[in-house]
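The structure appears below as structure tokens.
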Amino acid sequence: MANFLANECYLDTAEKRSSVVSRAKELGYVPFSKKAARATINIKVKNVTGNPSSLILPSNTQFITTINNSTYTFITLQSYSANREFVLDQYEYNFNLVELYEGVYVQNKFAISVDPTLDIPNIDIDTSTLRVFVQEPNSIVQDEYFYASSLNDVSETSKVFFLQEGYDQKYQIYFGDTVIGYKPALSSIVTVLYVASAGLEGNSAVNFTMSSSVAGIYGATINITNVYPSSGGRNRETISSVKLNALNQYGVQNRAVTANDYKSLIQASGVNIKSVHVWGGEDNTPPKYGFIFVCAQPAIGDYVLESQKNIIKSILTQKAVANINIEFVDPDYLDLVFASEIVYNKNTLNISTYDLETNVLATVIDYVNLNVNKFDTTFRMSNVMRSIDRTHASILSN
């Protein structure tokens, strides 16, 4: 028991998520939450009753789509307006570049007590969409508090909140102590708004249908065209990822100097990056001084979208050394072709040969995705063969 307890006290040997998160907290690292997939659409509305001069598409307008025979909800997080246009003998309204987030909008309310932390009950939260409002006693005003990812520019009067993952995998928010950040009064009412998302499952949606009844638009002719399919959705950070990123992020110290600093910041950026390789312009062929080159592999698809590259550039530019330019290079892919012959004992085979073949294929795909299909890894045939042998008790060799 003492040996198990000792292991949980160190980041590299801890096995329980609560222990790993607790050790990462000492390094100032907050594990990332689920991330809602985002899509961009254009909406054209015709045959509107009364033809008003403009229409408003409010925030939290809902759309539905189907991905792999499952229905998902997407919503807007801001309002959009469209002016009346006269096109081809009729009026129409165009909402361009409407950004949709996969999930549902959730609101929770709390009263501040002596306990400094407030537990957000929904573990499917996308913390990047979190908004916090505080209404103090005897006040009718709700002040918005903003997330402080670092202590830079945080004074005793700054209305900010801090975020951490609790022991039960629920995220917690807490406020300042009047030394670092403003401290709301006891019994203040805290309202939190956020998107609860399905994460990775929301990627690759293309066709959307409006499911909300919007004033002025209801009953009109609505045509929706896709600009960017949904992408960027991810699941919450795994234990192994927390162990790696907590140490890397601590070494970065919120600035980008070395290539590894850039790599760590990209992995913690919130963009759906599975693997990334970074090198300085002095190591490029031919050399290109004053540049940092980034080659990133997305979690979904083969290439990072331009919109995602812009997000990464914006984050890196704020933390990079002055006069450093960031250039993206799309990865090249090398396909591995497998031909595997399985020898099995039919007397111990309790499933069909088709199921056995399907399970072996799944084993190979899982092994490649976890151990090979990313940068700085090596394909080892012996490890693949060992994994195949372990797929089912009837397999003798392969």
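The values are calculated or read from the model by the stated rules, or taken from the named source; none is laboratory data. Quick caveat: nothing in here was measured; it's all calculated off a predicted structure. FYI the Cβ positions are ideal-geometry reconstructions off the backbone, even for glycines, and counts take in every protein chain you see. Please note that ligands, DNA and RNA were not included when accessible areas were found on the heavy atoms of the full protein model with its side chains. Shrake-Rupley method; radii C 1.70, N 1.55, O 1.52, S 1.80 Å.
The table that follows gives values for the structure above.
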read-out	value
Exposure of Phe338 as accessible area (Å², to 10), given a probe of 1.4 Å and all protein chains	80
Kirkwood hydrodynamic radius of the range 32-71, Cα pairs, Å	14.0
Å³ per residue enclosed by the Cα convex hull of the range 1-147	208
Accessible surface of the chain [probe 1.4 Å, protein heavy atoms]: carbon and sulfur percent	50
Expected-Rg normalisation [2.2 N^0.38 Å, Cα atoms] applied to the chain	1.18
Probe 1.4 Å, all protein chains present, accessible-area order of Ser241, Ser213, Ser128, Ser188, largest first	Ser213, Ser128, Ser241, Ser188
Point-charge dipole on Cβ atoms (K/R +1, D/E -1) for the range 309-382, about Cα centre, debye to 20	360
Per-residue [θ]222 nm for the chain (sum of -39500 (n - 2.57) over DSSP H runs n ≥ 4, rounded to 500)	-6500 deg cm²/dmol
Eligible aspartates and glutamates near Lys263 by straight Cα distance, threshold 15 Å, same-chain separation 8 or greater	Glu327, Asp376
The range 264-325 - charge dipole about Cα centre, Lys and Arg +1 at Cβ, Asp and Glu -1, debye rounded to 20	140
Percent of Cα pairs exceeding the 16 Å cut-off, where the set is the range 6-84	70
All lysines inside 26 Å of Lys170 as judged from Cα atoms, apart from same-chain residues fewer than 8 positions distant	Lys16, Lys25, Lys34, Lys35, Lys109, Lys159, Lys183, Lys243, Lys274
Spin-label model distance (nm) - Thr348 vs Asp177, 7 Å beyond Cα toward Cβ	6.0
Nitroxide proxy distance, nm - points 7 Å out along Cα→Cβ at His277 and Leu334	0.9
Arg380-Val106 FRET efficiency (beta carbon distance; Förster radius 45 Å; 0.05 resolution)	0.50
With all protein chains modelled, accessible area of Asp389 [1.4 Å, Å²]	60
Sequence-separation-based contact order of the chain, relative, with Cα cut under 8 Å and 6+ spacing, percent	17
Listed residue (Tyr72, Ala37, Thr377) projecting farthest to the positive dipole end of the chain, Cβ model	Tyr72
Accessible-area ranking of Met210, Met385, largest first, probe 1.4 Å	Met385, Met210
Sites Glu85 and Ile224 - FRET efficiency at Förster radius 22 Å, r taken between beta-carbons, to 0.05	0.80
Neighbour net charge for Thr73 - beta-carbon separation under 14 angstrom, K R +1, D E -1	-3
Ordering of 93-105, 171-183 by burial proxy (mean other Cβ atoms within 10 Å per residue, highest first)	93-105, 171-183
Listed peptides 33-46, 256-269 by packing density, highest first (mean Cβ within 10 Å)	33-46, 256-269
Charge dipole of the chain about the Cα centre (unit charges at C-beta), most positive-ward option of Cys9, Phe110, Asn245	Phe110
For the range 47-104: relative contact order, % (alpha-carbon pairs under 8 angstrom, 6 or more apart)	36
Förster radius 35 Å - calculated FRET efficiency between Ser212 and Ser150 (Cβ-Cβ, nearest 0.05)	0.40
Cβ-placed point charges (K, R +1; D, E -1), dipole of the chain about Cα centre in debye, nearest 20	160
The range 160-291: C-alpha gyration tensor shape, a/c 1.5 cut-off, then a/b vs b/c	oblate
Cα-projected label distance for Ala2 with Leu186, points at 7 Å along beta-carbon direction, nm	4.3
Gyration tensor (Cα) of the range 254-398, equivalent ellipsoid semi-axes in angstrom	43, 14, 12
Over the range 118-167: Rg over Rh, Cα atoms, Kirkwood Rh	0.99
Whole-number accessible area per residue in Å² for the range 198-255, which is evaluated in the context of all protein chains at 1.4 Å	52
Ranked order, Glu282, Glu165, Glu15 - accessible area, probe 1.4 Å, largest first	Glu15, Glu282, Glu165
Listed residues Thr157, Tyr145, Gly219: farthest to the positive end of the dipole of the range 140-236 (Cβ charges)	Gly219
Estimated D of the range 115-216 in µm² per second, where Rh is the Kirkwood radius over Cα pairs and Stokes-Einstein applies at 20 °C, 1.002 mPa s	136
